[in-house]
1. Can you give the FRET efficiency to the nearest 0.05 for A:Arg103 and A:Thr46, using r as the Cβ-Cβ distance and R₀ = 22 Å?
2. Only helices at least 15 Å long along their own axis, judged from Cα atoms, and with Kyte-Doolittle mean hydropathy of -1.0 or greater: name those in chain A from DSSP H.
3. Which residue, chosen from B:Ile45, B:Val104, B:Trp119, occupies the Cα position most advanced towards the positive end of the dipole of segment B:9-143, where the dipole is computed from +1 (Lys, Arg) and -1 (Asp, Glu) charges on Cβ about the Cα centre?
4. Per residue of segment B:5-16, in order, report the coupling 6.51 cos²θ - 1.76 cosθ + 1.60 (Karplus, θ = phi - 60°) as ³J(HN,Hα) in whole Hz, putting x for Gly and Pro.
5. Quick check: pseudo-label points 7 Å beyond the Cα along Cα→Cβ at B:Asp64 and B:Ala87, how many nm apart are they?
6. How much length, in nm to one decimal, is gained on full extension between B:Thr22 and B:Arg145, taken as 0.36 nm per residue of separation minus their Cα-Cα distance?
7. Given charges of +1 on the Cβ of Lys and Arg and -1 on the Cβ of Asp and Glu, with all other atoms neutral, how large is the dipole of segment B:154-225 about its Cα centre, in debye to the nearest 20?
8. Please state the charge dipole magnitude for segment B:9-143, taken about the Cα centre, from unit charges on C-beta atoms (+1 on K and R, -1 on D and E), reported in debye and rounded to the nearest 20.
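All of the numbers you see were taken from the coordinates with simple rules; none came from a lab. Nothing here was measured: the structure is a model prediction, and the numbers come from that model. Cβ: placed from backbone, ideal geometry, glycine included. Neighbour counts: every protein chain shown.
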Amino acid sequence: MGERVTALQDSLDRLLDSPGVIGVALIDAVTGLTYGTAGDAAQAGTGTEVSDLAALISERLGEAGAVGELESVVMTSRRRHQVLLSVPRSAGDPLLLAAGLDRDRANMALALRSLGDRAREVLA
Amino acid sequence: MRTPSARNVPALLQALHEEGFTGTVRVSGAPGGTIHLRGGRVGAIETPGAPTATSTLLASGRIDDDAWLAACAAEPDADRLGHRLEATGLIGAAELEVVCTAAVYDGAFAMALRPPGDWELTDREPTLLARPGVEPRPLAEETSRRIALLARLRGPAVELARGRPAPVADRAHPASGSGLTPRHRELVDSANGRRTPRDIAFARGRGLYAVMLDLIRLEALGAVRWETTTVPEGRPSTAPRVPPRTVTSADEPSPRAGPLPRRRPGGGFPTGDFGARDGE
């Protein structure tokens, strides 16, 4: 049976068009299951680590009095940005879009806006 | 009826994957279940232990009952129901892929909580499918990871599944109400001391494993009380026990060539099923 590109894979592949984005993954924020990846998946992070990190941050924010679900996390190292974005959905457990960005090629503000807009379209 | 003799269900699925099998594997036991394969990939798992993709979509309210029934009436072959749901705009193809894939992993997790009984292969039975489906090896690996993680976090998964979590009455506790996400608050509301995690999963249209993970987090936050009882029971291995592919003798029986494992009166599960029992 030949492999064909699924709708989800197609959505993730399109995210690589954003300047500086080198890898993306769609991850279940509760179970850590990775539903799909595109580009250099290692730069997006593993599903379980990403979901654990998001859960930890969300819990600490809740303890500090924040209300609602976590929307995004940005981590910056010398050469990379790693971005976690909540993917909106009308029902079901939350999903995270994890993206690795090359700092030399990514304008962080523009990349966040672009990824945020496209995260809404990932499940279309 | 074909009579596979693979040592356990993951090994059977792996052998069927290599054949590109399309059809159904019926596994008896508690909870047991039905595994739907298309071209050797697992497209759906139906088990009383966890919600299917259909249950998830309806119980969560993602698709309302009337629209669902209309789609089913318009597309009698459930294998093609996904296309119908997408074409009518009820759900996007990518989201449906996520929902159906999550349900496959959750069904495998629920079935692995207890040792299975016999299995048999039957023809294709139409059902709502994950496309392109999940390969058996990553499915078995993820199932093992989930059971191991629960054991590390809280204890044997099978005991957790039997527990009936209840909300902590102490409203003065900072974590008992405020500070929780809406998802966690809904779960606290559902945990009434009578429902098991499975009951909550079906009621909320969520995965069993996701509910169990959230309950562990809520217990750590002091928002729920989740007492479990220890009942000696071996956890079945979920690791595929297929030997590495080497040159095989023509006389060597294929994984599907042997007799169907049969129960003996009073003998419990046949050996060589879904993992060794009690260290065998």
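1. With a Förster radius of 22 Å, E is 0.55.
2. A:47-63, A:108-119
3. The listed residue farthest towards the positive side: B:Trp119.
4. 10, 4, 6, 8, 5, x, 5, 4, 5, 5, 5, 5
5. 2.3
6. Stretched fully, the B:Thr22-B:Arg145 segment lengthens by 41.6 nm.
7. Rounded to the nearest 20 debye, it is 140 debye.
8. 120
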